[in-house]
Amino acid sequence: MTIAGSILVLGLALLSCVADGAPRHHIGLSHRRSLVDGSGAAVTVFDVTKHGAKADDKTDNAETWRAACDSGVPAKMVIPGGTFVTSPVVFQGPCKSTEPIVFEVQGNVKATTDLSEYSSEQWILFEIIDGLTLNGGGTFDGQGSAVWKYNDCHENKQCQPLPSSIKLSKVKNAFVHEISSVDSKYFHMHVTSCHSISIHNINLTAPANSPNTDGIHISHSDGVHVTSSKIGTGDDCVSIGQGSTNILISQVFCGPGHGLSVGSLGKYKNEEDVSGIVVTNCTLFNTTNGVRIKSYAASDPSQAFNITFKDITMDSVKNPIIIDQKYGSRNAAVIHRQKPYHIMYTLATPSRVKISNVHYQNIKGTSTSNVAVSFLCSSSVPCQGVELVDIDLAYIGQKANMPLSSSCLNANVKSGGKQNPGCN
């Protein structure tokens, strides 16, 4: 395996690469110990400090886990208390053990801030692994505040995204729990091309004004469950992108941030459909959006269907319930006012993402906008089978005596129970 750029020492077993094409040397496994897990199987434990890693908050530590992955025995990698600095690291399978490999982070792991060290779009990558546990109560610190100024994606559609903190790619049967991520450069977690992933009791934080710091972005994945977690960021707390199926978001506290979102969809050609999404028992506090579905205008055809938002509490949320099928066109519209011919083209090209069978049930709380329900659906493929049941929202914005209202465009809506506001 060849990895561009310097690769640090956080390894289990441990093939060390210094740079792309550099010689590799095998570090012995003398500093390992065996424990017995609950099933009676021996678990080999690797402490990274026994392999040269230093918790001094300055030494760049790095290695891969190739030898442990190939050992065929149940293994646990431990990053003990202390602060470790590392540039990009890849933990790649497939592994030979039939038991999940455990990556236990007890201390603080900090990312380097020199962007020239990042040859790909992530800091820590787990890929092609069947059976992984990531836990330990420790913290991944992306040190994003040092590089957020280089993020120009809000004005440059061809921008180069900054690296995400943790990426799971082609991973199956993983359990991520009791970890924290702070100040990611881009996404805190990116789950893509994965199956059967459980994310439980994690804490993701970044300032409200930090750009594109989505808590968890999910794409091309099936069976991802995010439960009992706290997420506060500068972007979506959870974003569910193309190719996502059978996704559960439950008991998540979101805020600050841009809400819990399906999308954005339709940005790329030939996107895969999204279906089987359930968002339930969540609380949103002081977010710009609540539960949202968003797609770009002028998109290729695709679908988002069988989506349920249920038992949601809104606390001072600006747009509690929203479908926006002109996502990304707001800023362009301002520029196009000086170019009327371009305006005509933009307005004549609606989204072709078909949204259907969307259920909003028992959503209550407060809105800082007087438009608490906003459905801006496509004129080309109007939203079908949208259900509003037991909606009870109150306006607490700055405009005194402003009545709560809704805006429902190109949406086929069925209502039941309390409707405050109803969809007119």
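The values are calculated or read from the model by the stated rules, or taken from the named source; none is laboratory data. Not measured: the values here are computed from a predicted model. Here Cβ is always computed from backbone atoms with ideal geometry, including for glycine, and neighbour counts include all displayed protein chains. Side chains included, ligands, DNA and RNA excluded: accessible areas come from the protein's heavy atoms. Shrake-Rupley method; radii C 1.70, N 1.55, O 1.52, S 1.80 Å.
At 7 Å along the Cα-to-beta-carbon direction for both SER379 and ASP152, put a label point, then send me their distance in nm to one decimal.
With each label placed 7 Å out from Cα toward Cβ, I get 3.5 nm.
With a 1.4 Å probe and all protein chains left in place, how much accessible area per residue does segment 202-318 have, in Å²?
32
With the convex hull built on the Cα atoms of segment 128-190, state its orientation-averaged projected area in nm².
Taking a quarter of the hull surface, the average projection is 5.1 nm².
For a bin width of 5 Å, list the pair-distance distribution of segment 232-271 built from all Cα-Cα distances, rounded to whole %.
6, 22, 26, 21, 16, 7, 2
Can you list the aspartates and glutamates whose alpha carbon sits under 20 Å from that of LYS110, skipping same-chain ones fewer than 8 residues off?
In chain and number order, the partners are ASP47, ASP56, ASP57, ASP60, GLU63, GLU121, ASP141, GLU178, ASP183, ASP214.
Tell me, what is the per residue accessible area of segment 370-416 in Å², probe radius 1.4 Å?
Accessible area per residue, segment 370-416: 50 Å².
Shape call for segment 180-336 from the C-alpha gyration tensor, a ≥ b ≥ c root eigenvalues: rounded (a/c under 1.5), prolate (a/b greater than b/c) or oblate?
Rounded, since a/c falls under 1.5.
At a 1.4 Å probe radius, carbon and sulfur cover how many percent of the accessible area of segment 100-243?
44
Filter LYS58/LYS170; LYS157/LYS326; LYS364/LYS399 down to the pairs with a C-alpha to C-alpha distance above 22 Å, please.
Distance filter (> 22 Å) returns LYS58/LYS170.
What order do LEU376, LEU409, LEU260 take when sorted by accessible area (1.4 Å probe), most exposed first?
Largest accessible area first, the residues go LEU409, LEU376, LEU260.
Cut-off under 12 Å on the C-alpha distance; same-chain residues fewer than 8 positions from LYS418 excluded. Which aspartates and glutamates are left, in chain and number order?
ASP390, ASP392
For segment 347-397, take N as its residue count and report Rg(C-alpha) divided by 2.2 N^0.38 Å.
Ratio of Cα Rg to 2.2 N^0.38 Å: 1.39.
How many nm is it between the label spots at VAL278 and LEU115, if each spot is 7 Å from the Cα in line with the beta carbon?
4.1
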